[in-house]
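Colleague: The structure is given below, and queries will be raised subsequently.
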Amino acid sequence: MLMDLALQGCRIAVASRLSCGMLLKLLICFRDQAEFVTIERAVVRWAIDDQFGVSFLERSSGARASLAVCILQCWQGAERAAAPLLSSGPRAQDTQ
């Protein structure tokens, strides 16, 4: 399961352990996309328990663009979810 995502790499949780230095090819599927985003080459940088972090070494420009769109959508979704918490004054329904 993909836990964190950046343009340079990601954190993944899995049932099996991987070793630092392992080279991987990743196929990432996002809910709103029909096709996989392919990372041609990634390297395991750290592994602790059931999680590991990878750095992307090779990816196409299309993969980079898909990752950027996904990251932007996640940030926008997080900002919308946090908006009521960031309000500085009473809401209209709170004053009635």
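Colleague: Would you mind stating whether Met1 is at pLDDT 90 or above and of a type in the set (A, V, I, L, M)?
Modeller: No.
Colleague: For Trp75, work out the one condition from (1) within 13 Å of the chain's Cα centre (by Cα); (2) in contact (Cβ under 8 Å) with a residue 24 or more places away in the chain it doesn't fulfil.
Modeller: Of the numbered conditions (1) within 13 Å of the chain's Cα centre (by Cα); (2) in contact (Cβ under 8 Å) with a residue 24 or more places away in the chain, the odd one out for Trp75 is (2).
Colleague: Which condition from (1) polar (S, T, N, Q); (2) in a strand (DSSP E or B); (3) at pLDDT below 55 is the one that Ser55 breaks?
Modeller: (3)
Colleague: What are the residues in the stretch 14-27 that are farther than 22 Å from Leu72 by Cα and assigned to a strand (DSSP E or B), if any?
Modeller: Leu23, Leu24, Lys25
Colleague: For the stretch 28-52, give me each residue that is part of a loop (DSSP other than H, G, I, E, B) and of a type in the set (Gly, Ala, Ser).
Modeller: The answer is Ala34, and nothing else.
Colleague: Under 6 Å between Cβ atoms, which residue pairs at least 6 apart in sequence (or on different chains) link something in the stretch 10-34 that is farther than 19 Å from Asp50 by Cβ with a partner that is part of a loop (DSSP other than H, G, I, E, B)?
Modeller: These pairs meet every condition: Leu27/Phe36; Cys29/Phe36.
Colleague: Another question about this same structure. Among the residues of the stretch 15-42, write down those that are modelled with pLDDT under 90, of a type in the set (A, V, I, L, M, F, W, C) and loosely packed, with under 14 Cβ neighbours inside 10 Å.
Modeller: Within the stretch 15-42, Ala15, Cys29, Ala34, Phe36 meet the criteria.
Colleague: Continuing with the same structure: Identify, by number, the condition in (1) at pLDDT below 85; (2) within 18 Å of Leu7 (Cβ to Cβ); (3) not basic (Lys, Arg) that Leu72 doesn't meet.
Modeller: Every condition holds for Leu72 apart from (1).
Colleague: Could you list, in sequence order, the residues of the stretch 43-52 that are among the charged types (D, E, K, R) and at pLDDT 95 or above? Let's see the steps before the verdict.
Modeller: Within the stretch 43-52, the first condition is being among the charged types (D, E, K, R), and the residues that meet it are 45, 49-50.
Arg45 - this is the single residue of the stretch 43-52 that is among the charged types (D, E, K, R) and at pLDDT 95 or above.
The values are calculated or read from the model by the stated rules, or taken from the named source; none is laboratory data. Computed from a predicted model, the values in this text were never measured in an experiment. We place every Cβ from the backbone using ideal geometry, glycine too, and count neighbours over all the protein chains shown.
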